[in-house]
Each structure stands twice: as structure tokens, then as C-alpha cells.
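The values are calculated or read from the model by the stated rules, or taken from the named source; none is laboratory data. Since the structure is predicted, the reported quantities are computational estimates derived from the model, not experimental observations. Cβ sites come from the backbone with ideal geometry, for glycine too, and all protein chains shown count toward neighbours.
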There are 2 protein chains.
Amino acid sequence: MSRKPTEQGTGRPGIRQVAELAGVGIASVSRVLSGQPGSSTQLTERVLEAARQLGYAPNVLAQSLRRRTTQSIGFVCADITNPLLSSIVAGAESALSSAGYSVLVTNSGGVAAYEAERIKALLQRQVDGLILLPALENDPATLAALRSATVPIVVIDRTMPADLGAHGVLSDHEAGLGEATRHLLRLGHRRLGLAVGRHVRPSRERVRGVEAGYRALGLEPDLMVDSGMLSVEHGENAMERFLSDPRPPTAVLLGGIQLLEGALRAVRRRGLRLGDQLSLVCCDDSPLSRFHDPPVSTVHRDTALLGRRAAETLLAQIERPAPSEPLVLPTWFEARGSCGPAPAAAASTSVAAPPARRRSRKRAET
Amino acid sequence: MSRKPTEQGTGRPGIRQVAELAGVGIASVSRVLSGQPGSSTQLTERVLEAARQLGYAPNVLAQSLRRRTTQSIGFVCADITNPLLSSIVAGAESALSSAGYSVLVTNSGGVAAYEAERIKALLQRQVDGLILLPALENDPATLAALRSATVPIVVIDRTMPADLGAHGVLSDHEAGLGEATRHLLRLGHRRLGLAVGRHVRPSRERVRGVEAGYRALGLEPDLMVDSGMLSVEHGENAMERFLSDPRPPTAVLLGGIQLLEGALRAVRRRGLRLGDQLSLVCCDDSPLSRFHDPPVSTVHRDTALLGRRAAETLLAQIERPAPSEPLVLPTWFEARGSCGPAPAAAASTSVAAPPARRRSRKRAET
DNA sequence: TTGAAAGCGTTACCAC
DNA sequence: GTGGTAACGCTTTCAA
């Protein structure tokens, strides 16, 4: 050894320091510490002891550069602030970090331009995979960024162009809304309002679910759809629009929890009693839905599971890439007090009345 | 060139490919692409063109290894699922990624053992700094992990041992609870209930705030404190405990949004009318608080700002480490319908009555 | 102004 | 079994 390369004055100890202290070769240290077989117990122990003594921790950056895998994945999310999304993120993070992966989270705030940038940045950081919960399904910049990826991609609740080769983990929104719709129809409602987002799979599915619900009971859909940006304001506006229609729906379905507060505001302003004068269903549960008086009927799903499945799908694809069918997770309807018989219609249709619900509010005071 | 090292069959182009295509040295490519001055326009253009043509994107891993900075930070959070925390994360993420940093988020789920592990993992990934929102303030494993860090640490809303050298970004919980308390006292309440978490700064501060509120009006604190794990169940149990006390408080303060749903459950079960028979204040706003009937009085704070300030503090410390005073952000009280005059007490004390609130519910029906 | 070469801290291939 | 040593893909002296 004619020349010591790195004197490593301060700074954390490197693998060389360990090797030196243990009096072994640097390669042996690497072998022992990364748990590869084929080292004598002798050597193994000396290395371990030296590492412990120096408080050595490997530099993952260098490992990743060499091993060509970073054990990290990127999670691109439109809005972590949304409790639904954050629970998806949490579900995924938990599964991923149990598997030894780190998660790089980026919050695009729904701005498509950012989204593409963040995706590129993650790719340059050499993430081993990507989980996406994008605002849009067809933003050209985002798609371009994704196309340049060579790592597996899992998309949650979105349908991206097939040529991306992305793997899907989806919620079966159609089923839940079908259930909800049939419930409402059996209560005698005939005209429904539905507020949804724009240009994303869940919105399309929800519309289809409601229409399917009508057809399942042999009825022709009589549906007002309002699509917007899924905000509190959107909720309020949509509800206003529904209620001021010449032929207003007697029941409204909200395709997103962000709509609830605004919608309730409009309902309250009009002094309408939910479950009586107007029935309401909201997609995804929340404390507000559970605790509102009356509680708001809900189309449920397990969001943490959605995140976990996305993580598992990604890990499987990282391990062994292969084409895959989208994974579809269930959605189910829970009737609560916000749904009641249609106001003026005493079940005059041929459809069977629903099993009597436990509510029995005096409907006086109107 | 006697030997071509990397033939780079497939895989993404490296800096060498760019250099070769541009017919320049590898160092020049580096210089041009990282925007260093001192390259002829000639060369610059050829490099840029070649890079564009190959779709070259630098490998951040290699850059980081060489530059000894990863432009990434770690965010350790007890529970992203909590809307408050997720909005803090979002605030920080936004500031950090604008500054070109990536954020590694880990969700400890409040399990201290995980927390320490995740911190170590982040450190091995050579993050340039750490933002912490830990479950506990004094977990030995977590502290040990943190002590081994050589990068700046910012702690949000926690007081960690001083020898850590961590920088603090805090909320002034004491002020908000003082305000709330004075409001309640002026309404004639004399005995208050306070539910808080365990062993964390916000809880201590909240207790102090309430006590200070009493003293500010020349009163001796008459306070029931219930500390627990800040869950829905905790909220329910605490409220039950308060209400079944031989001398029950006439107003309750909840030190955390997670408590609200449970507390309201207990209130409803007892058939108590908020703002009449019982007054209620909750720390941090939520749709449920805003939309409850009556709306729940709230101690507000700007959580996104908290995250942003944490990020800014960290960036400043990364840039130029220096001792710092904790940054304290404001908290303020908003009275809503859930607070009313103390039931049996007709302001018989010397304290001035509050400015009449606009509520005027008929308090019959009891 | 430009380029060769020496690392950054690892891993993995080869000889010994 | 063990230990050189050549990469991994980049940045940064240092000479030219």
C-alpha cells in the first residue's frame, strides 16, 4: 500500500476504516456486512466487532450506485392533504418500509406541470418504481415523463394509456354506486343528482354505476350529473344547481368527500331536512358523515388496503416484471339516516319497498 | 483510448455517451450540464444538443456521491393519516421541492421502535437534514439514532433534549388555550375539563395555557385533566369521565382533533345540548367542527405554515449551520356555537360578561 | 477553454 | 476463504 487514498479526517467511518481496524481486506468487510456467505466465523466476528466499535453504517448512496438498485420508490400524489389520499400513502408506506424500501413522496397539488417535473426528478434519483395517484389521466407532460421510465409503475384508481405498461390498482366504484342507487330507487326516488370530478376513472365509473343501478331495476336513468374539480365550492355549487333545477332530484350522490361540506352548506341554507326532504349519499367515509345529524349514507372502501395493494403490486413487479391485470378492490354501500323515502312518492311504482330502516323520525315540523 | 470501459448496451445513456456523441471530454459535459461557467458557446451548444438527442438525464445518485450532498431530506412523522400532520407534511414538501429537494417520508405509526429504525435508514441514505414530528419526546432509541446524525434536525411541536442541537418550530398552544379559557370563564364557567396527550409539548402547553387563563382573571384553576393517547376512544372516555364526575366541568377543552368524534359521541349519548348544558372547545379545525350543530369553538393554527417554516428552517441550517432559537407560531381562538353561558351560573362573579354572542337558541325542552 | 485522471464509498469479479 | 482491483456515473482538481 504505497499511498493511503482517503485519510477521512472527520466524517463518518467508511468501509476502509473498518477493514483496517479489523485487519482484513475491504472486500471481506463488504461480504460480511451484506450478509453474503463464505466467510470464516473468525473473520466475520472481527469485522462485526470493528464495525460496531466504529459505529459504522454503510453509505446507501454508494451501495445503490454499485448495486444498481436504490431500494426506494417514488410516490406521486395529487394532494396528501386529502385524508383519503394520505391514508393510501400511509398504507403503501407501511408495506414498502417493511420490505426495506424508502418512499419519496411528492405532492403535486394537482398541478399537472409539477407532476411531470417531480416524476422526472424521481426517475433521476433512480427510484426502483413509481406509485401514482395523479390529478389527471392524460396530461401530455406527465405521460411523456412516465414513458421515459424503465422501472415499473403502479397507478391507483386511474386508467392511463395502455402503452405505458402501468399496473393498475383500482376501486370498484361502479359497484358501490350501483348499490347506493338501487337503495335510493327502492325508496321511491326516481331522479338523482350526481356530482363527480373531471376526466378521471372514478368519475366515469360512478356515473356508470348509477346508470347501471337504474337499469338493474328496469328503470331508465333520470340523472343530473355535475362534474367539477371536487372541492368544497364544487360541492356547494353542484348542490345549488341540483336544488334549483326546475325538476330537482330528490336524492343526491356526492362522488368525493371533498364535496360534502359544501353540499351540506347548501342543504342547510335551504333549510332542508336530510332523509326527509332530500336524501344524500357520499363516497368515502369521514367523521363528518358519521357524526352529522342525520348521519350521511356512505359508499365505503378500504383506502389503506388500496395503498398496501399498490405497494405489493409494485414490489412484485420490481422483483419480476410481467404484464398484469388491474387489481380491483371492493366498494360497499352503507345506508344511514340521510337516506329516506322520496318526498312525494309513496312507492307508487312496482319496485319493492326496501326493508324498513330503523329510523322513525317524526316528520312533522316541515 | 485502448479500452472502452462501459459499453452500456441497453440502459440509459451516461455522461460518457453524451461526451462521445458531442465529440468532447466528459468533464466538459459535466461542466456544461451543471451550469458552470467557462465553456465556449461552441462547446456548450454541442453538448446540449447531444444530451437532448440522447435524452440524457444525470444520475443523481452518482452526483450525490461525488458532491457529498443528496438534495434530499427525511421527514419522520408519527401519523400522516392525521389531517393535521398531513397538512404539515404538505406544507414542508412544497417548500422543499421548490428548493430542489426531495422528501423521504416515513410514517412511524407512533411506534417508537420503528421511528428509530427509520431515522437510521434515512441517515444511511445520506439525507441532508431531518424534519421530525415524533410520537414521543424522549424515546431512548430515537434519541440515540438522532444523536448519531451529523445533519441538521428540525423538530416540529416537540421539545427534545437540548444536547441534540435540534431546531424547533413550535405552535403557541398556550396562547390559544389561554384565550379559550378566558372566554369560557367570562361566560361564567368555573370548572373546566381538558383532555390532552401524554408527554408531549403541546399537552403540557395546553395545560399551562388553561391555568394561565384562570390566573389572568384572578381565579384559581379548577381543572380536570385527562391525558391519554389522543384517539377517538380517548375522546369518548375522557368526556365520560368528565361528565360522570361528582362535580362535572361545565365546559370541556379537547387538545386534539382526534378526540372530537368520541367526545361528541359521549355528549350525544347523554343527550346534552352543546352551548347550553355543556360548552366545548377543540384544538385544530375540521369539517366536523365547522359543520356540527352547533359548530365547535376552535383553537386554530396554520398547519401548512408550520410545515413550511420547518422546511425553511432546515434549509437555512443546511446552508449555514448555526444555533437558533425555536420559532413559535401563533394560535388563536374562535368562539362558535358550542360555547355558551355556564348552565346554572348567572354570571354571579365580578368578571365582566362577554360581548353577547349572536346565538339565541330557545333553551327550553330540557 | 478543455480534457485526463483521481476519487466519492461500495460491490463483485478474479486471482491467490 | 480472502483480498486486490476494476467499475458504478459523476465532479473536480490539475495540466495542458
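If you filter region A:24-35 down to residues that are part of a loop (DSSP other than H, G, I, E, B) and more than 9 Å from DNA strand D (Cβ to nearest atom), you find that the one that is nearest to A:Tyr56 (Cα to Cα) is A:Ser34. If you go through region B:7-29 one residue at a time, do you hit one that is modelled with pLDDT of 95 or more and within 19 Å of A:Glu117 (Cα to Cα)? Within region B:7-29, none of the residues are modelled with pLDDT of 95 or more and within 19 Å of A:Glu117 (Cα to Cα). Among the residues of region B:33-47, the ones that are near DNA strand C (Cβ under 8 Å from one of its atoms) and either of a type in the set (A, V, I, L, M, F, W, C) or closer than 24 Å to A:Ser148 by Cα (or both) come to 1 in all. The condition of being crowded, with 17+ Cβ neighbours inside 10 Å and either assigned by TED's automatic domain parsing to the domain that holds A:Asp128 or touching a residue at least 12 places away in the same chain (Cβ under 8 Å) (or both) holds for only one of A:Ala57, A:Ala51, that being A:Ala51. Residues in region B:105-122 that are out of contact with any Leu (no Cβ under 8 Å at 6 or more places or on another chain), facing chain A (nearest Cβ under 10 Å) and not in a loop (DSSP other than H, G, I, E, B): 6 in all. The combined condition, being assigned to a loop (DSSP other than H, G, I, E, B) and either touching a strand residue (DSSP E or B) at 6+ places or on another chain (Cβ under 9 Å) or of a type outside the set (Lys, Arg) (or both), is not fulfilled by A:Gly193. Screening A:Asp128 against (1) within 8 Å of chain B (Cβ to nearest Cβ); (2) within 16 Å of DNA strand D (Cβ to nearest atom) leaves a single unmet condition, (1).
Yes or no: A:Ala180 modelled with pLDDT of 95 or more, crowded, with 21+ Cβ neighbours inside 10 Å and closer than 30 Å to A:Leu132 by Cβ? The answer is yes for A:Ala180.
Does A:Arg191 satisfy the condition of being within 14 Å of another protein chain (Cβ to nearest Cβ) and of a type in the set (Lys, Arg)? Against the criterion (within 14 Å of another protein chain (Cβ to nearest Cβ) and of a type in the set (Lys, Arg)), A:Arg191 does not qualify.
Of the residues B:Ala116, B:Ala50, B:Ala57, B:Ala27, the single one that is in contact with a helix residue (DSSP H, G or I) (Cβ under 6 Å, 6 or more places away or on another chain) and within 16 Å of DNA strand C (Cβ to nearest atom) is B:Ala50. Screening B:Asn138 on (1) at pLDDT below 95; (2) in a helix (DSSP H, G or I) shows it passes everything except condition (2).
Taking region B:21-38 as the range and being crowded, with 17+ Cβ neighbours inside 10 Å and closer than 25 Å to A:Arg68 by Cβ as the test, the residues that pass are B:Leu21, B:Val29, B:Ser30, B:Leu33. Please indicate, with yes or no, whether at least one residue in region B:197-208 is of a type in the set (A, V, I, L, M, F, W, C) and either surrounded by 19 or more Cβ atoms within 10 Å (Cβ to Cβ) or in the same structural domain as B:Val89 (by TED's automatic domain parsing) (or both). Scanning region B:197-208 turns up at least one residue that is of a type in the set (A, V, I, L, M, F, W, C) and either surrounded by 19 or more Cβ atoms within 10 Å (Cβ to Cβ) or in the same structural domain as B:Val89 (by TED's automatic domain parsing) (or both).
With respect to A:Gly91, is the statement that it is modelled with pLDDT of 95 or more and surrounded by fewer than 22 Cβ atoms within 10 Å (Cβ to Cβ) true? Taking the combined requirement at face value, the residue does not satisfy it. One residue is enough: does region B:59-69 have a residue meeting the conditions aliphatic (A, V, I, L, M) and either more than 7 Å from chain A (Cβ to nearest Cβ) or assigned to a loop (DSSP other than H, G, I, E, B) (or both)? No - not one qualifying residue is present in region B:59-69.
No other residue among A:Leu253, A:Leu280, A:Leu272, A:Leu288 is surrounded by fewer than 24 Cβ atoms within 10 Å (Cβ to Cβ) and under 22 Å from A:Ala344 (Cβ atoms) apart from A:Leu272.
Exactly one residue out of B:Ser86, B:Ser72, B:Ser97, B:Ser102 is among the small types (Gly, Ala, Ser), at the interface with chain A (Cβ under 7 Å from one of its Cβ atoms) and in contact (Cβ under 8 Å) with a residue 24 or more places away in the chain, and it is B:Ser102. Within the option set B:Leu21, B:Leu48, being more than 10 Å from DNA strand D (Cβ to nearest atom), assigned to a helix (DSSP H, G or I) and closer than 22 Å to A:Lys120 by Cα holds for one residue only, B:Leu48. In region B:141-164, the residue that is nearest to the other protein chains (Cβ to nearest Cβ) out of those that are part of a loop (DSSP other than H, G, I, E, B) and touching a residue at least 40 places away in the same chain (Cβ under 8 Å) is B:Val151.
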